[in-house]
Every structure is written in structure tokens, then in C-alpha cells.
Amino acid sequence: MFSMKRLLIAFLLLAVSFSVQAQNDYGGSGGFGQVVNGDGWLRPGGGNVRGGGGNGSAGKNVIKIRLDGLYQSKFGLGYERVLNRKITVGLNGFYQLPQKNTSLSEDFGLLFETVIDNFSAEKETFQGIFPADYGFQGSEINKFFIMPEVRYYFKNAPRGFFAGLYFKYRSYDYQNNLIYTDTLSTPGTPINYDFDFNVQMNTASAGLSLGIQTFLLKRVSLDLILFGIQYSSNIGGIQITTQGDQLPDFIQNDVQVGVDYLNANLPINDIFRLRDNTPELINIESRFTSPSIRFPSIRLGIRF
């Protein structure tokens, strides 16, 4: 079985093996300044060249692993290349291993995280809303993104504060199954519904970010994204298919009412279009553009 903990331990050991070969090259200028400038703040003093590799002595490449999200089977790798004294280019990728859930509250929490592109655990938020599973049979979420980026460092690349310009393509797919018995609509004649839900969304974003890359050792860095803003184009949809009894007219009417309500009351108007609304299939298409923020993230890097 794939183990994120083992991968992280191997990466840390590799980072240490690079670092022990480095000479003692940090001149020492105070703890806060060392962090802000990315100057190898775990290294002791000595020499005139600061940690992080002045004059390219530590190499022009940095490979990174994303730390936040590892415990939730969310795996991210990145690569950065120094072009000159101020500019770097890079490529980041992210893949979430397929997650299968059997709890309705956990399912809504993970779907919420996926939609807002966050890495925190949200299932506790929904436990009070969904104390039972209500016929929920399980779900699966798949997600990945790829993101090229150009960075401008205010001191010397690749250390210290930077501003980044990036483009990100993100895709996610969500599926679940719900079996529900309706005993209220037709008293004495229960209706058995078997629903398959599928949500797909593809997003292309362009944005700006601010962050800092500080070197713990000559070749070992922490890359922190502090904040970002982005503008996104989103294309996707929701499909609901019935495997049991067909949808009655009143549910089809409720779907239309719900779509109309959301289109009229969401901050972005008219983002849903009802393509199909039959007893066997509900197909809702979504196309919209919107601004959003880029959440903080942290990566551990090795320079070579």
C-alpha cells in the first residue's frame, strides 16, 4: 500500500544527505533577517557567503514536495529553475489519491474541500447537519492540477520574498450513490429510489501570489505560499441518474425551481443550465468565471 509517511521520511533523509556535504557558509545576521532573506537560519555562523547558495554555488534547481495534505493522501511535487539573479520558472503538480467515503457527513466535508481547493479537514462541520447516512452508499473523489509559474525574487533567486505569476488547470470528479425509500409521498406504497450522482468540474485559472522561500540549510528550503488572487473559468456539470423507481413529476418540478433559485441568488448569476430533466436523468451544466483566492501552502525543497 502506498504510504505518504514513508515517502516524506525518504525525502527528508535525502535532504539531510545533501546538506551534510555543504560547507559552513552562513555569516549570521539575526534570526528574523535570516528567515526573511532565506539565508540558512539553522546553520551556524562562519564565512562570508550566506546559506541558500550565493553565486549559484548550491545549484540552480529546486525540487519540492508539498507537505500540507500528505496525511490525507494528497500528493504534490514541484520543480523550480533559476534563470537569473531575480527570475525563476517552475512547474507544480498535485494528485489526490481516489478517496472512498462511507459517511455522509465526511462526504460533504471532502466535497466542500474539493470545491474550495482547501486542504483542511471539514467533515466535523457537517456531522451536526447529517447525523445519519440516510441511505448513502458511498462516494469517490478524484482530483489533480498542474501549474506552471514564473517568480520574481526581491533579493536573490531562489530565496527570500517573491511574487509569482501562474496558470493552473484543475480537474475533479465526484461520484456517489444514494438509496432512499420514500414512505410519505404515497402512504402505504413506498417508493424506492436508487440515485447515482456524478459531479465534474474543469477549471483554468490565472493568478498572482506572494510568498517566501527560506533555507533551513544550504540545500534544504521551506517554500511558503502566503496569499494569492486568481481569476478562473469553470466548466462542469451535475448528472443524476435513477436505477430504481423513476422520478415523479413533483421532484422534477423541484429541480427546476431549485436551479432557478440558485441562478437568481448566487453571487454569480445564471451559472446553471438544466439540460435534461426526465424521470431517468437530470443533467445540469455549469459554466462561469469568477475571482477567488489561493490558499496558503508549504513545500519542503532540495536545491541542487
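The values are calculated or read from the model by the stated rules, or taken from the named source; none is laboratory data. Just so we're clear, the structure is a prediction, and the values are computed from it rather than from any experiment. Methodologically, a virtual Cβ is constructed for each residue, glycine included, from the backbone with ideal geometry; neighbour enumeration extends over all protein chains shown. Note: accessible area is taken over every heavy atom of the protein model, side chains too, but ligands, DNA and RNA are not part of it. Shrake-Rupley method; radii C 1.70, N 1.55, O 1.52, S 1.80 Å.
Less than 10 Å Cβ to Cβ from Leu247, Lys/Arg counted +1 and Asp/Glu -1: what total charge do the surrounding residues give?
On the way: positive: none; negative: Asp245, Asp249, Asp254, Glu280.
Around Leu247, the charge tally is -4.
Accessible area per residue for the range 193-304 in Å², computed with a 1.4 Å probe and the full protein assembly in place, what is it?
Working: 5510 Å² over 112 residues.
Spelled out: the 1.4 Å probe surface of the range 193-304, per residue, equals 49 Å².
What residues from the range 196-211 fall in the zone where the backbone N is under 15 Å from a label point 7 Å along the Cα-to-C-beta line of Asn283?
Residues 198-200 qualify, since their backbone N sits under 15 Å from the label point.
How large is ³J(HN,Hα) for each residue in the range 222-234, as worked out from phi by the Karplus curve 6.51 cos²θ - 1.76 cosθ + 1.60 (θ = phi - 60°), to whole Hz, x for Gly and Pro?
Whole-Hz 3J(HN,Hα) from phi for the range 222-234: 10, 9, 10, 8, 8, 6, x, 10, 8, 10, 10, 10, 10.
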